[in-house]
1. Could you tell me, in Å, what Rg and Dmax come out for the Cα atoms of region 27-104?
2. Pop the C-beta distance of Leu123 and Lys184 into the FRET formula with R0 = 41 Å and round what comes out to the nearest 0.05.
3. Could you check how many percent of all C-alpha pairs in region 1-59 are farther apart than 17 Å?
4. Could you work out the Rg to Rh ratio of region 2-144, with Rh taken as the Kirkwood radius (inverse of the mean 1/r over all Cα pairs)?
5. If you average the C-alpha positions of region 113-187 and of region 20-65 separately, how far apart do those two centres end up, in angstrom?
6. Under 18 Å from the 7 Å Cα→Cβ point of Ser49, by amide nitrogen: which residues of region 58-94?
7. Provide the net charge surrounding Glu116, with neighbours chosen by a C-beta distance below 11 Å and charges set as Lys +1, Arg +1, Asp -1, Glu -1.
8. At a 10 angstrom cut-off on C-beta neighbours, averaged per residue, how do the peptides 60-71, 123-134 rank from highest to lowest?
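Rule-based calculations on the coordinates, nothing more; no lab input. Nothing here was measured: the structure is a model prediction, and the numbers come from that model. Here the Cβ positions follow ideal geometry from the backbone for every residue, glycine too, while neighbour counts run over all protein chains shown.
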Amino acid sequence: MKSFQPKPWVAPQPVLIIGTYDANGNANAMNAAWGGQWDANEIVISMGSHATTENLDNCGDFTVAFATADTMVAADYVGIVSAKKEPNKMAKTGWTVSRAEHVNAPVFGNFPMTIECRIEQKLDVSETGYYIVAEIVNILVDERYIGEDGLPDIAKMNLISFDPVHHTYIKLGETIGNAFSVGKQLK
Ligand SMILES: Cc1cc2nc3c(=O)[nH]c(=O)nc-3n(C[C@H](O)[C@H](O)[C@H](O)COP(=O)(O)O)c2cc1C
């Protein structure tokens with residue numbers, strides 16, 4: 001085994017697209033890899049100091065979409081360009097925007113699955129940002145990605161993962177086993 005100094009190398013990481021409205025009702029999006037499930041109905045996101053952060057200070061509602069191979073270029077773009085510097089940021093993505101059903105935040109129609117969220121807690125608030133703990137209020141799934149069992153078919157979504165070591169995006173592959181089940185053969 002080769003040892004490395006501490007690094008943010010938890011892998012695989014998600015590619016989360018955080019959607020918010022600014023004070024004038026304009027949609028914005030940013031990319032976040034440092035986030036995940038917090039509790040059964042809650043998520044956590046490590047939020048730096050961005051235009052998105054200002055939007056969340058005005059209104060604690062937001063959406064989280066999961067980036068795909070098709071949305072990768074624009075998903076990366078919204079992670080390297082700030083609405084603070086590029087007012088035309090969202091137009092460049094080409095994403096369609098509509099208002100979420102249950103929260104005051106934009107839904108980008110180009111993603112198979114989007115979570116509607118509302119901030120419950122901000123932890124360790126400082127000038128550099130905070131950790132968001134947010135309630136999952138609703139989950140929207142494009143009908144094309146609903147499987148025969150009536151549930152979202154994650155394997156069909158072409159989701160991408162962030163590789164924190166080489167800073168690349170990896171397309172997720174095929175389903176190879178049933179969780180809480182395949183291990184039973186070793187019982
Ligand atoms: C792959 C990737 C992952 C990122 N992860 C995070 C993150 O977890 N938290 C964060 O605050 N910013 C993260 N960023 C940076 C923001 O997406 C970036 O600063 C963005 O331009 C902010 O946009 P805004 O100022 O319009 O809100 C990430 C960027 C990329 C490209």
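1. 12.8, 37
2. Efficiency at R0 = 41 Å is approximately 0.60.
3. The share of Cα pairs beyond 17 Å in region 1-59 comes to 52 percent.
4. Over the Cα atoms of region 2-144, Rg/Rh equals 0.96.
5. Rounded to whole Å, the Cα centres lie 15 Å apart.
6. Output list for this probe position: 58, 81-86.
7. Taking every other residue near Glu116 into account, the sum is -1.
8. Answer by packing, highest mean first, reads 60-71, 123-134.
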